[in-house]
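Below: the structure, in structure tokens.
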Amino acid sequence: MKQSKEQTPLPPKNNKQGFQKIFQINLSLKDIVLWVLLSLVVFSFISAFRSASNDHPKKPLSEVIADLKADKVSEIKIEDLKVTATYKDGEKYISTKEAQTSFMDLLSAQDIDITKYKIEPVDTTPMSAFGNLLINLIPTLFFIGFFIFMIRQARGAQDSIFDFGRSGARLYNKKMSRVTFSDVAGVNEAKKELEEIVDFLKHPKKYQLLGARTPKGVLLVGPAGTGKTLLARAVAGEANVPFFSMAGSEFMEMLVGVGAKRVRDLFTQAKRAQPSIIFIDEVDAIGRRRSMGVMGSHDEREQTLNQILVEMDGFDQRTSIIVMAATNRGDLLDPALLRPGRFDRRVVLDFPDIEGRKSILKIHARGKPFVKEVDWEKVAKRTVGFSGADLENVLNEAAIQAASEDKKAIDMSHIEEAATRVKLGPQKRRLQSDLDRKMTAYHEAGHAVVSHILPHTDPVHRISIVSRGMALGYTLIPPDRDRLHETKSHLLERIAVMMGGRAAEELIFSDITSGAANDFDQATSIARLMVEEYGMSDLGPINFGPDMDITEWGKSFFDQTPLSPAMQEKIDIEVQKILKTAHKQAQDVLKKHKDKLDIIAAALIEKETIEDEEFKKLIGERQKSISREPNILTS
């Protein structure tokens with residue numbers, strides 16, 4: 001079915017909108033300054049005109065009357081209270097009479113024949129009224145303009161007096177830069193699932209003839225940086241329809257009811273421009289479970305959520321509007337928002353696999369010069385666990401570094417440094433004593449040697465005692481390929497690798513340092529997951545974790561831990577057992593291979609950084625290992 005190309009229809013005009021447009025006065029500071037200058041010019045002109053008319057010498061009215069009797073005056077001009085006398089010798093004098101007295105009556109009282117003189121009365125009422133009006137109006141206009149400017153400054157330049165409840169959604173249409181599925185990579189399954197949405201927006205009648213119900217909403221769930229917002233814009237670009245974008249936090253205001261009104265306004269705009277897409281980013285800001293907090297069920301957030309539920313459920317079956325929303329925490333959303341009829345589709349986005357990373361790197365490499373020796377397969381393997389945003393940042397940092405070195409193209413060293421910078425931060429040249437450098441070198445060498453010797457761990461990629469971020473050194477151990485499952489043996493050996501730094505300190509210095517704090521943090525988290533959720537302990541295949549992940553810490557505000565103190569003690573004992581066993585394993589490995597530990601530590605003290613190839617030459621080859629997630633150990 002051929003779809004005709006039409007421009008986005010404009011909202012119908014009504015009297016209310018016309019009334020609002022009349023009073024939507026948007027005066028900037030520049031406009032107010034111009035009005036003030038114009039007012040001063042007009043006021044100065046009026047003052048100059050009046051002063052120009054009063055430049056003749058003054059004479060008392062009694063002397064003017066006496067000169068009339070002496071036949072010295074040829075002409076009299078009367079303007080309100082001002083009397084201008086023109087003498088026969090050409091001189092002019094100005095006098096002032098009283099307001100309640102008529103000049104003609106004064107002449108009659110002095111027996112002066114008024115027919116002998118040319119007396120011209122001038123009506124100055126209109127001119128005087130106009131001048132007084134300007135004098136009174138100019139300050140009023142100035143204060144009105146100043147008042148409007150202060151309101152705009154207090155409420156934001158984008159708001160006016162009558163649009164406080166407007167949605168403020170940003171509209172992306174065909175005239176703007178168009179994003180399509182070709183600009184999105186690493187989420188092939190999600191793109192395939194959204195193709196039906198695109199096809200519906202292009203050909204809605206094909207589905208309506210078969211009685212298919214309009215998909216009301218699509219929820220995009222995934223970690224930060226995986227391309228949820230970009231994918232939503234790509235759907236709008238493929239369908240070539242208006243795209244209304246608004247963040248969840250933009251609905252919220254201090255005033256109760258404003259959020260609900262903005263929701264109504266947003267859906268009204270989308271209905272006028274249908275077929276269209278409404279995109280709400282970070283929907284968990286307004287879509288969290290109701291009545292779970294300290295406040296009751298009538299706060300502003302819940303009223304806004306209720307209005308969204310009503311708008312989505314009240315759609316006409318014939319409307320062509322799709323509501324898309326993105327969130328990092330889909331488990332926090334209210335069940336009423338997730339039921340069929342509102343968000344019908346739930347698209348999960350995860351970190352890209354190796355093929356996805358290669359596709360993402362190709363997209364972000366456009367417009368950047370690279371040397372021919374760049375191995376994108378190696379870069380993709382090096383960046384396991386990186387999101388699409390991370391990969392874009394890596395190539396951008398690599399380009400910045402190449403430009404700072406006055407290079408004409410980006411090489412592998414720039415990409416490698418950029419990948420490390422993204423995860424750990426820039427290098428810091430801290431002043432360290434020889435003892436500190438030696439301690440750091442043996443600590444990092446302990447991680448590397450244990451990882452190299454144990455059979456189920458990953459190969460060492462880089463060891464360095466150059467400070468980055470808060471770490472004095474680091475051992476980079478990325479996995480060689482993506483895996484979907486974790487094994488107990490691999491997790492136990494990962495914990496042993498983390499304990500390698502402390503074990504090396506005890507073996508060489510017979511003392512311990514604070515550098516293993518981050519290692520213990522990671523090791524304890526893995527051990528607790530093994531016991532509480534994975535069932536990898538002597539307690540058996542039982543999940544001791546929370547039933548529902550409500551908050552960032554895994555529990556709702558009022559939830560109590562369902563475990564007894566005795567069971568909690570058993571869990572702590574199992575966690576401690578795993579950590580102690582891993583620590584003992586690391587000690588045994590380093591005692592057996594102390595010569596290799598000394599070789600790596602000496603090389604680190606001399607060169608500060610050792611890459612994988614040099615590490616293999618120093619310590620020998622190892623068997624191939626498996627893993628899933630990157631492992632970065634810092635001191």
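The values are calculated or read from the model by the stated rules, or taken from the named source; none is laboratory data. All values derive from a computational prediction rather than experimental measurement. Neighbour counts are summed over all protein chains in view; Cβ atoms, including those assigned to glycine, are modelled from backbone coordinates with ideal geometry.
Numbers for the structure displayed
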quantity	calculated
Some residue of segment 362-376 being in contact (Cβ under 8 Å) with a residue 60 or more places away in the chain, outside the structural domain of residue 307 (by TED's automatic domain parsing), surrounded by 14 or more Cβ atoms within 10 Å (Cβ to Cβ) and not basic (Lys, Arg)	yes
Counted residues, segment 321-357 - those being within 23 Å of residue 183 (Cα to Cα) and crowded, with 18+ Cβ neighbours inside 10 Å	12
Output for segment 452-496, where each listed residue is within 18 Å of residue 384 (Cβ to Cβ) and among the charged types (D, E, K, R)	458, 462, 480, 481, 482, 483, 486, 493, 494
Elements of type helices (runs of 4 or more DSSP H) in segment 358-426, at least 3 residues being more than 27 Å from the chain's Cα centre (by Cα) and within 24 Å of residue 182 (Cβ to Cβ)	376-382
Filter result for the condition that a residue is within 23 Å of the chain's Cα centre (by Cα), at negative phi, among the aliphatic types (A, V, I, L, M) and assigned by TED's automatic domain parsing to the domain that holds residue 310, over 224, 239, 212	224
Segment 273-316, subset more than 20 Å from residue 260 (Cβ to Cβ) and in contact with a helix residue (DSSP H, G or I) (Cβ under 8 Å, 6 or more places away or on another chain), residue modelled with the lowest pLDDT	275
Test: residue in segment 457-477 that is acidic (Asp, Glu), under 32 Å from the mean Cα position of the chain (by Cα) and either within 30 Å of residue 367 (Cβ to Cβ) or in a loop (DSSP other than H, G, I, E, B) (or both)	no
Qualifying residues in segment 592-629 (those that are farther than 22 Å from residue 473 by Cβ and either surrounded by fewer than 14 Cβ atoms within 10 Å (Cβ to Cβ) or in contact with a Phe, Trp or Tyr (Cβ under 8 Å, 6 or more places away or on another chain) (or both)) - the one modelled with the lowest pLDDT	624
Subset tally (residues that are farther than 25 Å from residue 441 by Cβ and more than 43 Å from the chain's Cα centre (by Cα)) for segment 575-623	4
Filter pass, residue 599 being of a type in the set (A, V, I, L, M, F, W, C), out of contact with any Ser or Thr (no Cβ under 6 Å at 6 or more places or on another chain) and in a helix (DSSP H, G or I)	yes
Single condition residue 396 does not satisfy, out of (1) buried (at least 16 other Cβ atoms within 10 Å of the Cβ); (2) more than 25 Å from residue 505 (Cα to Cα)	(1)
